[in-house]
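Trainee: Take this structure, written in structure tokens, and hold onto it; I'll ask about it next.
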């Protein structure tokens, strides 16, 4: 694997997903910041972004490109709010979806560095109750390694009872209080097959991992993310919960209905460790710079170099021709 190329492209990919929705006809309004690339390359990137918006019918797009320890280029295209004609900008906030899981994983690995657990340890030893409950006595217990490589044996979704428990947080007003992770997972997670035998992407396993992080650290998940990752990296506009500034600057998502673009209602995801991070391109750039530089950004060190290397090392592979799985991170060769 060409590590530098891999890291550079990962930087582009993670920030490039921050799109507001679907639309597009003529070239959208844009603001481009070219910090260190050639003028020719900058123009190509701008054209590439606009072509992508046209292809995917996106009304808004924010992109940041990180190389080494610098944000080398950023581009803000189109609209964060079509109705009010609000433009995408460096202040625009986006829901980062499953990129959130990498923050949860880094939090867990910070606790690992303190010697609080081993990767092959059963997670139930550190939970407030039996978190993983298998009906097969022949199966071994689910470990941290199983969860981080999506091989716990659990499926993508929880039980119908737990899903019903989540619905009020999606449908009620913004001031509704989320259930605690401890309350949310009281019924446990039930693997369908023995752990370590098959890859199956598990969203809610990372919600359970957030609960374990609370138990290990003695802090709430949201507070832990703020104090141990986001604040140290200077990600001042990023949180796993809604603030007034986040709501004010949150880009609206859109979908097409009979050829028209309709806003997607804002929903507050209750299981924040799996998909709850709100962030901006400048903030995510700081995170990526830390990943590119052995866990360090300025004076902040969120993980030791050897720990981050472990996370980027393949731990599971379905097939040698497919992407491999590190600790939470998916690993793939690009251009050799």
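Trainee: If the Cβ limit is 9 Å and pairs must be 6+ apart or interchain, which residue in segment 311-326 that is assigned by TED's automatic domain parsing to the domain that holds residue 148 pairs with which residue that is surrounded by 12 or more Cβ atoms within 10 Å (Cβ to Cβ)?
Mentor: none
Trainee: Does segment 26-58 hold any residues that are over 27 Å from the mean Cα position of the chain (by Cα), modelled with pLDDT under 95 and more than 16 Å from residue 80 (Cα to Cα), and which are they?
Mentor: 26
Trainee: So which residues in segment 235-278 are assigned to a strand (DSSP E or B) and over 17 Å from the mean Cα position of the chain (by Cα)?
Mentor: Correct list: 254, 255, 256, 257, 260, 261, 262, 263.
Trainee: Before we move on, is residue 234 at positive phi and exposed (fewer than 15 other Cβ atoms within 10 Å of the Cβ)?
Mentor: Considered against the rule, which asks whether it is at positive phi and exposed (fewer than 15 other Cβ atoms within 10 Å of the Cβ), residue 234 comes out as no.
Trainee: The conditions are (1) at pLDDT 95 or above; (2) over 22 Å from residue 214 (Cα atoms), and residue 278 fails exactly one of them. Which is it?
Mentor: Failing condition for residue 278: (2).
Trainee: Please go through segment 101-131 and give me each residue that is buried (at least 16 other Cβ atoms within 10 Å of the Cβ) and in a loop (DSSP other than H, G, I, E, B), ordered by number.
Mentor: 117, 119, 127, 131
Trainee: Given the criterion surrounded by fewer than 22 Cβ atoms within 10 Å (Cβ to Cβ), assigned by TED's automatic domain parsing to the domain that holds residue 154, out of contact with any strand residue (DSSP E or B) (no Cβ under 6 Å at 6 or more places or on another chain) and within 20 Å of residue 99 (Cβ to Cβ), identify the matching residue among 199, 206.
Mentor: Testing whether each residue is surrounded by fewer than 22 Cβ atoms within 10 Å (Cβ to Cβ), assigned by TED's automatic domain parsing to the domain that holds residue 154, out of contact with any strand residue (DSSP E or B) (no Cβ under 6 Å at 6 or more places or on another chain) and within 20 Å of residue 99 (Cβ to Cβ) leaves just 199.
The values are calculated or read from the model by the stated rules, or taken from the named source; none is laboratory data. Given the structure is predicted, the values throughout are model-derived calculations rather than measurements. Neighbour counts are summed over all protein chains in view; Cβ atoms, including those assigned to glycine, are modelled from backbone coordinates with ideal geometry.
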